[in-house]
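Asker: Just dropping this structure here.
What follows is calculated from the coordinates using simple rules that are stated; it is not laboratory data. Keep in mind that what you see is a predicted model, and the values were worked out from it rather than measured. Glycine also receives a Cβ, built like all others from the backbone with ideal geometry; neighbour counts cover every protein chain displayed.
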2 protein chains.
Amino acid sequence: MVNPFDDTYFMKKAIQEAELAYEKGEIPIGAVIVIDNRIIARAHNLTETLNDVTAHAEMQAITAAANFLGGKYLINCTLYVTIEPCQMCAGALYWSQISNIVYGARDLNRGCINMKTKLHPKTQIKGGLLEEETANLLKRFFIERRNLN
Amino acid sequence: MVNPFDDTYFMKKAIQEAELAYEKGEIPIGAVIVIDNRIIARAHNLTETLNDVTAHAEMQAITAAANFLGGKYLINCTLYVTIEPCQMCAGALYWSQISNIVYGARDLNRGCINMKTKLHPKTQIKGGLLEEETANLLKRFFIERRNLN
């Protein structure tokens, strides 16, 4: 039997969120949080709209998922995020004790892997899912912005 | 002339915030953000009350200060926080490009210094201000909690 709810399915939902950010002139990064094949939080980057550096997709998704669950720990949850999380978001994920993180493209400059941000020992992280698609969305955004200026 | 608005003055305001957290059963950490000797944000840890790991004092203060300033960068601002910031908060401070961070007691286990979280090159950080007072508040809180359980 084919499972329609695989990692690719949920990453595509995160990409849809990133596209919503794109349409608002925000750096296009999107995230969803899933438990038992059910999406319990969807969010996209809103740092410009809210004038708030803390309004990354992941941060909003963490808050929304905890609100849905009625508890602050995201045990048995998986975060799907289009780009590798930064220090801040990885730091928040550390506190959340989330079970799984799946990201699309790497962020070699500001991502948590090269920054060596510590994740919770219970957290598994893997990347490279729909990498080209997630990275291209970002590239297209920055090329467009450069041409506007 | 004596300047009443020195680092100690503002750290005491952060300690007042930490005391408000204590009264709510929250880990007692408080923060204020100051620009031109004026407090533009006050916050204390609310992770239990809000069921949200992202609700650290610093995170709320960053959001509130940006809201006050109408811009997301905290240039010329100083954060006073009773305990050394964690990875998440230091990561948020990195994005904010805040000019100064002054903390009270070190957090050797989860603080940004030992965790090697990267701050913005424009940010100065110093610690140890009213260290005993800020650390004692935490110690008293954890001793009390242990005795309750």
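Asker: Where both partners of a DSSP beta bridge lie in segment A:49-129, what percent of those bridges are antiparallel, to the nearest 5?
Answerer: The antiparallel fraction comes to roughly 10 percent.
Asker: Same structure, new question: With Cβ to Cβ distances under 10 Å as the rule, what net charge do the other residues near A:Gly91 carry (K, R +1; D, E -1)?
Answerer: Taking every Cβ under 10 Å from that of A:Gly91, the sum is +2.
Asker: If you don't mind, another one. Roughly how many debye, to the nearest 20, is the charge dipole of segment A:19-149 about its Cα centre, given +1 on each Lys and Arg Cβ, -1 on each Asp and Glu Cβ, and no other charges?
Answerer: 380
Asker: Continuing with this model, one more query. Please name which of A:Ile101, A:His120, A:Leu138 has its Cα lying farthest along the dipole of segment A:98-144 towards the positive end, using unit charges on Cβ (Lys, Arg +1; Asp, Glu -1) and the Cα centre as origin.
Answerer: Of the options given, the answer is A:His120.
Asker: If the only charges are +1 at each Lys and Arg Cβ and -1 at each Asp and Glu Cβ, what is the size of the charge dipole of the protein assembly as shown around the Cα centre, to the nearest 20 debye?
Answerer: 420
Asker: Here's something else I'd like to know. Let me have the 222 nm mean residue ellipticity of chain A computed from DSSP H runs of 4+ only, each contributing -39500 (n - 2.57), with the sum over all residues rounded to the nearest 500.
Answerer: -13000 deg cm²/dmol
Asker: Report, for B:Arg146, each distance to the same residue's label point in the other copies, shortest first and in nm; define the point 7 Å along Cα→Cβ.
Answerer: 5.7
Asker: Moving on. Quick one: plug the Kirkwood hydrodynamic radius of segment A:1-69 (C-alpha pairs) into Stokes-Einstein at 37 °C, 0.692 mPa s, and report D in µm²/s.
Answerer: Rounded to a whole number, D works out at 267 µm²/s.
Asker: How big is the Rg/Rh ratio for the protein assembly as shown, C-alpha atoms only, Rh by Kirkwood, two decimals?
Answerer: On the Cα set of the protein assembly as shown, Rg over Rh gives 0.99.
Asker: I want to check the label-to-label distance for A:Lys13 and B:Phe68. Put each point 7 Å from Cα in the C-beta direction and report it in nm to one decimal.
Answerer: 3.9
Asker: Then there's this: State, to one decimal in nm and shortest first, how far the label point of B:Lys122 sits from each corresponding label point in the other identical copies (label point: 7 angstrom along Cα-to-Cβ).
Answerer: When each copy's label point is compared with this one, the spacings are 3.9 nm.
Asker: Calculate, axis by axis, the spread of Cα positions in segment B:65-143 along the three principal axes, and write the results as whole Å, longest axis first.
Answerer: Principal axes ranked by extent give 41, 26, 18 Å for the Cα atoms.
Asker: Provide the net charge surrounding A:Lys116, with neighbours chosen by a C-beta distance below 15 Å and charges set as Lys +1, Arg +1, Asp -1, Glu -1.
Answerer: That works out to +4.
Asker: Starting from the Cα of A:Asn147, step 7 Å along the direction of its Cβ; do the same at B:Glu133; then give the gap between the two resulting points in nm.
Answerer: A separation of 5.8 nm, rounded to one decimal place.
Asker: Oh, and also: Which distances, shortest first and in nm, link A:Phe68 to the matching position in the other copies, using label points set 7 Å out along Cα to C-beta?
Answerer: 3.5
Asker: Stretched out fully, how many nm does the piece from B:Leu108 to B:Lys122 gain, at 0.36 nm a residue minus the Cα gap?
Answerer: Stretched fully, the B:Leu108-B:Lys122 segment lengthens by 2.7 nm.
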